[in-house]
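The values are calculated or read from the model by the stated rules, or taken from the named source; none is laboratory data. Please read all numbers here as calculations on a predicted model, not as lab measurements. Cβ placement follows ideal geometry from the backbone for every residue including glycine, while neighbour counts extend to all protein chains displayed.
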Amino acid sequence: MEIGLDQKRVSNSIRSFIFDNPILVLIIILFVGASLFVPNFVSAFNLQNLVLQAIDIMIIAIGVTFVVLNGGIDFSSTAVLSLSSVFGAYVMAKSPLASTPWGIPIGILSMVLLGGLVGALNGLSVVVLKMPSFIATLASMMVANGLAVYMASMVSETAAINGLPTEFFVIAGNGGKLYIPVLITMVSAAFAYWLLKYTVFGRRVYATGTNPKTSFISGIPVKKTIFLMMVLSGLFAGLEAVYATARNQSGLPSLGDKVFIDIIAAIIIGGTSIFGGSGGIKQTIYGVVFITLLNNIVNLMGVDWTIIGLLKGILVLVAAFIDIVSKRLELMRKW
């Protein structure tokens, strides 16, 4: 009798784990399947490459998660990535500071602060001018992209700012120091997770994303919360620019051109609601790992990139559909 009860408890626990963590189950299935059937997947080189590919979008996706939790979107995040990369590379390689010990620290600081500045401008557009976030960030995306291309073309004939100090490249894990970008990413994720889960600001983010009108009536500073979300998104994009610039060993105005779809796909597939109010950093991390695994596996299999884009689009559509259905079912239960 007790054995039967124990088996039932185990069965219920497994079923509960699968339903509570569907994306994590998919990650496990993908990893095990690729390990068995995809050549070179478990090689040391490819596993290291997997880690670096995940970091390529992890930090910036964490920042955008704050905006999505409010039911918004930040189209400018990848443009901030490009602009911060170009500006930071200019400081470290071409400015009067380039030949001084201050070049690298000021270059890194300028990337992060420039991201925060664009985020602040986005926030002011949303809370003061009352623009929808997709309009405000779309406009800043176009401006930031234009500035990145213009600055790079003014400084360098190749539209890429090279000549960065080699000491800076250690941030990308060069010289066998992979732990450095991993540590930066872990600290960033842990800070964002703590901010959302254990602080008053985090509770305000979820409340504002769930129902901004009720939150305002309840005394929550909705405008301030939204503003800070946008600033955080910009700061994380600037921090991502530090890693991406070090990894590419140059400041590139095209750095963010192809990663936006992966960022949004990771957030939505991971389980953060497009309507705001539910999800979080853990879900985004799962989504990033899933998208990175998918990209890596299909690349090793030689699948055409147009098919990969189609597959990602279908996955995002399915995830959004599930989100919509779950929200409607939740409303029906309340009624």
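If a residue must be crowded, with 16+ Cβ neighbours inside 10 Å and farther than 16 Å from Gly302 by Cβ, how many such residues does segment 27-50 contain?
Residues in segment 27-50 being crowded, with 16+ Cβ neighbours inside 10 Å and farther than 16 Å from Gly302 by Cβ: 4 in total.
Tally up the residues in segment 269-286 that are assigned to a loop (DSSP other than H, G, I, E, B) and within 14 Å of Leu26 (Cβ to Cβ), please.
Step one: filter segment 269-286 for residues assigned to a loop (DSSP other than H, G, I, E, B), giving 271-280.
Okay, now just the ones that are also within 14 Å of Leu26 (Cβ to Cβ), so 271.
Here the count works out to 1.
Given the options Ser95, Ser84, Ser125, name the one that is part of a helix (DSSP H, G or I), free of Cβ contacts under 8 Å to residues at least 24 places away in the same chain and of a type outside the set (Val, Ile, Thr). Please lay out each step first, then the result.
Numbers: Ser95 fails: part of a helix (DSSP H, G or I); Ser84 fails: free of Cβ contacts under 8 Å to residues at least 24 places away in the same chain.
None of the others qualify; the one that does is Ser125.
Just checking, how many residues over segment 290-314 are in contact with a Phe, Trp or Tyr (Cβ under 9 Å, 6 or more places away or on another chain) and either more than 22 Å from Asn46 (Cα to Cα) or of a type in the set (Val, Ile, Thr) (or both)?
Here the count works out to 2.
Could you list, in sequence order, all residues of segment 151-190 that are of a type in the set (Ser, Thr, Tyr), surrounded by 19 or more Cβ atoms within 10 Å (Cβ to Cβ) and farther than 17 Å from Ile55 by Cβ? Before you say what the answer is, go through the steps one by one.
Let us first name the residues in segment 151-190 that are of a type in the set (Ser, Thr, Tyr), namely 153, 156, 158, 166, 179, 185, 188.
Adding the requirement that they be surrounded by 19 or more Cβ atoms within 10 Å (Cβ to Cβ) leaves 156, 185, 188.
Ser156 - this is the single residue of segment 151-190 that is of a type in the set (Ser, Thr, Tyr), surrounded by 19 or more Cβ atoms within 10 Å (Cβ to Cβ) and farther than 17 Å from Ile55 by Cβ.
Output the number of residues of segment 1-39 satisfying the condition of being at pLDDT 85 or above, over 24 Å from Ala266 (Cβ atoms) and either under 24 Å from the mean Cα position of the chain (by Cα) or not in a helix (DSSP H, G or I) (or both).
Qualifying residue count, segment 1-39: 1.
Being at pLDDT 90 or above, in contact with a strand residue (DSSP E or B) (Cβ under 7 Å, 6 or more places away or on another chain) and among the aliphatic types (A, V, I, L, M) narrows it down to one residue among Ala89, Ala136, Ala79, Ala120; which is it?
Values: Ala136 fails: in contact with a strand residue (DSSP E or B) (Cβ under 7 Å, 6 or more places away or on another chain); Ala79 fails: in contact with a strand residue (DSSP E or B) (Cβ under 7 Å, 6 or more places away or on another chain); Ala120 fails: in contact with a strand residue (DSSP E or B) (Cβ under 7 Å, 6 or more places away or on another chain).
Only one candidate qualifies: Ala89.
Name the residue that is surrounded by the fewest Cβ atoms within 10 Å (Cβ to Cβ), counting only residues in segment 73-122 that are more than 15 Å from Val143 (Cα to Cα), in contact with a Phe, Trp or Tyr (Cβ under 8 Å, 6 or more places away or on another chain) and among the small types (Gly, Ala, Ser).
If we take residues in segment 73-122 being more than 15 Å from Val143 (Cα to Cα), in contact with a Phe, Trp or Tyr (Cβ under 8 Å, 6 or more places away or on another chain) and among the small types (Gly, Ala, Ser), then Ser110 is surrounded by the fewest Cβ atoms within 10 Å (Cβ to Cβ).
Of the residues Tyr243, Tyr198, Tyr193, only one is modelled with pLDDT of 90 or more, within 30 Å of Ile308 (Cβ to Cβ) and surrounded by fewer than 24 Cβ atoms within 10 Å (Cβ to Cβ); which?
Numbers: Tyr243 fails: surrounded by fewer than 24 Cβ atoms within 10 Å (Cβ to Cβ); Tyr198 fails: within 30 Å of Ile308 (Cβ to Cβ).
On inspection, the qualifying residue turns out to be Tyr193.
Filter segment 201-235 for residues that are surrounded by 24 or more Cβ atoms within 10 Å (Cβ to Cβ) and small (Gly, Ala, Ser); which is modelled with the lowest pLDDT?
Once the filter is applied, the top-ranked residue is Gly209.
Select, from Gly238, Gly280, the only residue that is at pLDDT 95 or above, closer than 23 Å to Phe134 by Cβ and not hydrophobic (A, V, I, L, M, F, W, C).
Values: Gly280 fails: at pLDDT 95 or above.
Result of the check over Gly238, Gly280: Gly238.
In the set Val231, Val289, which member is over 23 Å from Ser125 (Cβ atoms) and among the β-branched types (Val, Ile, Thr)?
Details: Val231 fails: over 23 Å from Ser125 (Cβ atoms).
Every option except Val289 fails the conditions.
Give the residue, chosen from Ile104, Ile135, that is within 30 Å of Ile269 (Cα to Cα), over 19 Å from the mean Cα position of the chain (by Cα) and either assigned to a helix (DSSP H, G or I) or without any contact (Cβ under 8 Å) to a residue 24 or more places away in the chain (or both).
Numbers: Ile104 fails: within 30 Å of Ile269 (Cα to Cα).
From the options Ile104, Ile135, the qualifying one is Ile135.
Quick check on segment 30-41. Is at least one of its residues in contact with a Phe, Trp or Tyr (Cβ under 6 Å, 6 or more places away or on another chain) and farther than 28 Å from Lys177 by Cα?
Checked segment 30-41: no residue is in contact with a Phe, Trp or Tyr (Cβ under 6 Å, 6 or more places away or on another chain) and farther than 28 Å from Lys177 by Cα.
Hey, could you check segment 264-309 for residues that are under 12 Å from Leu69 (Cβ atoms) and among the hydroxyl-bearing types (Ser, Thr, Tyr) and say which is surrounded by the fewest Cβ atoms within 10 Å (Cβ to Cβ)?
In this case the residue turns out to be Ser278.
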